[in-house]
Amino acid sequence: MLKIYKSLDSGPLRELSLKTLEKGAWINIVDPTPYELKVVSNLTAVEPDFLRSALDDEERSHIDIEDNSVMVLTNLPVMRGPEMYDTLPLAIVITSEYIITVCLEETPVISEFSQQKSSTFRTFKKTRFLLQILYKSATYYLRYLRQIDKLSDEIELKLRDSLRNREILRLLELQKGLTYFNASLRSNAAVLDKLMRVRLNHSFQEIIKVYEEDEDLLEDVIIENKQAREMGDMYSTILSRMADTFSSIMSNNLNLVMKFLAAMTIILAIPTVISSFFGMNVALPFSDDPFGVIYISLIAIFMTGCCVVFLWRRHMF
């Protein structure tokens with residue numbers, strides 16, 4: 001899917017086509033076909049490799065600078081389901097005339113900017129638009145991390161009442177999402193650090209001009225990303241320790257059950273042994289006594305009671 005937008009002076013976006021492409025336009029490409037990539041590359045004189053960078057879902061965040069364009073590849077947070085979180089690469093290519101975004105899927109971060117009534121940005125202010133995308137991405141990381149924290153609290157309460165496999169699997173899904181988030185936030189931080197360094201580079205400034213208000217926004221992006229990294233590390237540590245704790249609890253509960261079953265086996269074995277002994281076809285005590293069964297039963301009960309007391313004092317149950 002290929003959409004082209006340009007901000008009007010009044011604020012809202014105006015949708016364009018390839019035939020009416022204007023300077024200062026934003027070209028948004030989602031899950032592109034080879035033909036769409038080729039057409040955009042020819043119209044904007046952007047390296048095809050820049051446009052294809054985001055089509056590899058394992059691509060790490062980085063910055064590439066060519067003679068006529070700058071490509072910033074960042075990882076966006078996405079929500080696959082109620083408790084499934086992942087990241088997705090987004091390539092932001094800036095030339096002297098256009099800004100191009102390429103992604104494999106439609107994401108909430110880009111969707112917010114593509115609303116026709118959006119007035120929070122201007123497509124022709126390419127540097128600010130780039131930083132606004134990065135800032136919005138960091139805010140979504142924070143939003144999803146807070147959701148993960150709430151879900152982990154909910155799972156913890158349920159695990160305290162009942163250690164079920166379903167809750168353990170939910171915990172595993174959250175851990176997996178946090179792992180993706182932490183890896184992406186670290187690579188995004190490296191991109192922001194490099195962006196901070198190269199903003200004064202001559203070749204960089206020929207393509208992207210960084211104004212004073214953009215400097216402030218870049219610092220805000222770095223702060224938000226750092227906060228998201230710290231939250232991600234903290235929640236990851238909490239989930240890891242929680243998983244270890246409940247794993248120990250499950251092992252301890254299993255040990256208690258096995259200990260109880262062993263004690264019950266010993267207790268039930270005593271009357272079985274006594275009844276087997278007196279069931280032999282030889283001369284035995286009480287064999288001619290009409291109350292022999294009662295005596296044997298009382299002996300079995302007495303010895304079983306002694307065993308119960310002994311095991312109870314040993315904290316076997």
Only one of (1) among the polar types (S, T, N, Q); (2) without any contact (Cβ under 8 Å) to a residue 24 or more places away in the chain; (3) in a loop (DSSP other than H, G, I, E, B) does not apply to Thr123, and that is (2)
Within segment 293-317, the residues that are among the aromatic types (Phe, Trp, Tyr) and either touching a residue at least 60 places away in the same chain (Cβ under 8 Å) or in a helix (DSSP H, G or I) (or both) are Tyr295, Phe302, Phe310, Trp312
Please work out which residue is modelled with the highest pLDDT, limiting yourself to segment 8-34 and to residues that are of a type in the set (Ser, Thr, Tyr) and over 30 Å from Asp57 (Cβ atoms).
Thr20
Got at least one residue in segment 146-165 being assigned to a helix (DSSP H, G or I), touching a Lys or Arg at 6+ places or on another chain (Cβ under 7 Å) and not hydrophobic (A, V, I, L, M, F, W, C)?
no
Checked Leu256, Leu261 against criteria (loosely packed, with under 14 Cβ neighbours inside 10 Å, at pLDDT below 85 and either farther than 30 Å from Asp64 by Cα or not assigned by TED's automatic domain parsing to the domain that holds Tyr135 (or both)); the one match is Leu256
Those residues of segment 206-242 which are in contact with a helix residue (DSSP H, G or I) (Cβ under 6 Å, 6 or more places away or on another chain), modelled with pLDDT under 80 and in a helix (DSSP H, G or I) amount to Asp214
Please verify whether segment 8-29 includes one or more residues that are over 17 Å from Ile110 (Cα atoms), free of Cβ contacts under 8 Å to residues at least 12 places away in the same chain, in the same structural domain as Tyr141 (by TED's automatic domain parsing) and in contact with a strand residue (DSSP E or B) (Cβ under 7 Å, 6 or more places away or on another chain).
yes
Using beta carbons and a limit of 6 Å, which pairs, at least six apart or on different chains, have the first residue in segment 218-240 and closer than 17 Å to Ile148 by Cβ and in contact (Cβ under 8 Å) with a residue 12 or more places away in the chain and the second one aromatic (Phe, Trp, Tyr) and in a helix (DSSP H, G or I)?
Ala228/Tyr141; Gly232/Phe181
Are there strands (runs of 3 or more DSSP E) fully within segment 1-71 with at least 3 residues that are over 34 Å from the mean Cα position of the chain (by Cα)? List them.
13-16
Flagged in segment 180-205 as surrounded by fewer than 15 Cβ atoms within 10 Å (Cβ to Cβ) and at pLDDT 85 or above, in numbering order, are Ala190
Kindly evaluate Ile168 against the criterion of being in the same structural domain as Leu73 (by TED's automatic domain parsing), surrounded by 13 or more Cβ atoms within 10 Å (Cβ to Cβ) and modelled with pLDDT of 85 or more.
no
Of all residues in segment 85-117 being out of contact with any Ser or Thr (no Cβ under 9 Å at 6 or more places or on another chain) and part of a strand (DSSP E or B), which is surrounded by the fewest Cβ atoms within 10 Å (Cβ to Cβ)?
Asp86
Does any residue of segment 90-107 turn out to be acidic (Asp, Glu) and closer than 26 Å to Glu22 by Cβ?
yes
Return the residues of segment 8-21 that are within 18 Å of Thr44 (Cβ to Cβ) and in contact with a Ser or Thr (Cβ under 9 Å, 6 or more places away or on another chain); say none if nothing qualifies.
Leu21
Could you list, in sequence order, the residues of segment 138-193 that are among the aliphatic types (A, V, I, L, M) and over 21 Å from Gly81 (Cα atoms)?
Leu157, Leu159, Leu163, Ala189, Ala190, Val191, Leu192
Give just the number: which of (1) among the polar types (S, T, N, Q); (2) surrounded by fewer than 15 Cβ atoms within 10 Å (Cβ to Cβ); (3) under 30 Å from Tyr140 (Cβ atoms) does Ser236 not satisfy?
(2)
Evaluate segment 119-127: report whether one residue or more is within 27 Å of Glu219 (Cα to Cα), among the small types (Gly, Ala, Ser) and more than 11 Å from the chain's Cα centre (by Cα).
yes
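The values are calculated or read from the model by the stated rules, or taken from the named source; none is laboratory data. Keep in mind it's a predicted model, so treat the numbers as computed, not measured. As a convention, Cβ positions derive from the backbone with ideal geometry for all residues, glycine included, and neighbour counts pool all protein chains shown.
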